[in-house]
1. Rounded to the nearest 500, what is the 222 nm mean residue ellipticity of the chain from helices alone, with -39500 (n - 2.57) per DSSP H run of 4+ residues and division by all residues?
2. I need Leu134, Leu155, Leu10 ordered by Cβ neighbour count within 10 Å, fewest first.
3. Subtracting the Cα-Cα distance from 0.36 nm times the residue separation, let me have the gained length for Ser78 to Arg194 in nm, one decimal.
4. Hey, can you grab everything whose amide H is under 5 Å from the amide H of Ala46? Only 5+ residues off in sequence or another chain; H modelled, so Pro and N-termini drop out.
5. Which residue, chosen from Ala193, Leu178, Val68, occupies the Cα position most advanced towards the positive end of the dipole of the chain, where the dipole is computed from +1 (Lys, Arg) and -1 (Asp, Glu) charges on Cβ about the Cα centre?
6. Note down the relative contact order for the chain as a percent, whole number, built from C-alpha pairs under 8 angstrom at least six residues apart.
7. Strictly greater than 16 Å: what percent of every Cα pair in the stretch 95-203 meets that?
8. Given the Cα-Cα distance of Arg2 and Phe34 and 0.36 nm per residue of separation, how much length would full extension add, in nm?
Amino acid sequence: MRTIAEAPGLYLGFISLHLLLGHLGSSLLYRLRFGRSPLAYRSTAADPSHARVTRLISGVSLLWAGSVVMAALWPGASTLPWSRPLFSVPPIAGWVLGGVGLIGMLSAQYGMGAAFRIGVDAGEQPPVLHERGLHRYSRNPIYVFSYLYLVGASLWAPSLLTLASLAGLGALFHALVLQEERYLAARLGESYARYLLRVPRYL
C-alpha cells in the first residue's frame, strides 16, 4: 500500500472527511432533521469556559492537520527534527483505525437525534439525557471515536509535532468532557448520577 507521501491526495481527502462530515455535514443534517442548528457554542448563552476550550481544540487541530499535510506534500519535512517520523507503521493500520473512528463518530452523532449538540448552551431548556445506541456503552462515544480517527491518521505521519498535537487534543477533549459532566450533573440531577454509575466515561 502506498504511503501518505506517495498518494497525498488519497490520504488528505480522507482526513478532510472529519471536518466535512463530522462538523459541517452533521450540522447540515441536523438542520434538515430538526429545523435548527446544533451549534450551541454560537449561542449568546454559550458557556464561556466550554467555548474557550473548543477554540483551543480548533487551534491545536490546525497544528495537527498542518503537520500531516506537511508530511504529505513536502519531502523535506522528514529531515526536520520535529517532522521526522519517529517510527514506521503499515499504512493499513491507520486506515482501519481511522475508518472505524469516522464511522463510529458519525453513528454516535446521528444516533443522538435531537439531543445532539456541539457546545454547551447554558440558557437552553434542561437537556435530554441520551442513553440509547452507543451511549449505552460509553458516555462519550463521539469523543472516543473522533480520537480513534485522529490516532489512525497520525500513524501515517508519526512525527514529534503530530504526536504532540495529538496528545494535546486528547487532553483538551478530556477537559471538555469534564465540563460537560458538571453541566449535565447540575441540570439533570439524580437521573444523570444513575447514568454515571451504569456507563463508563470512555470505555
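Nothing in this text is a laboratory measurement; each read-out follows from the coordinates by a stated rule. These figures come from a predicted structure and were not determined experimentally. Quick reminder, even Gly has a Cβ in these numbers, built from the backbone with ideal geometry, and neighbours come from all protein chains shown.
1. Result for the chain: -20000 deg cm²/dmol, rounded to the nearest 500.
2. Leu10, Leu134, Leu155
3. Gain in length upon complete extension: 36.7 nm.
4. Hits under the 5 Å cutoff: Ala122.
5. Farthest along the dipole direction, towards plus: Ala193.
6. That works out to 29 percent.
7. The answer is 62 percent, as a whole percent.
8. Residue separation times 0.36 nm, minus the Cα-Cα distance, leaves 7.3 nm.
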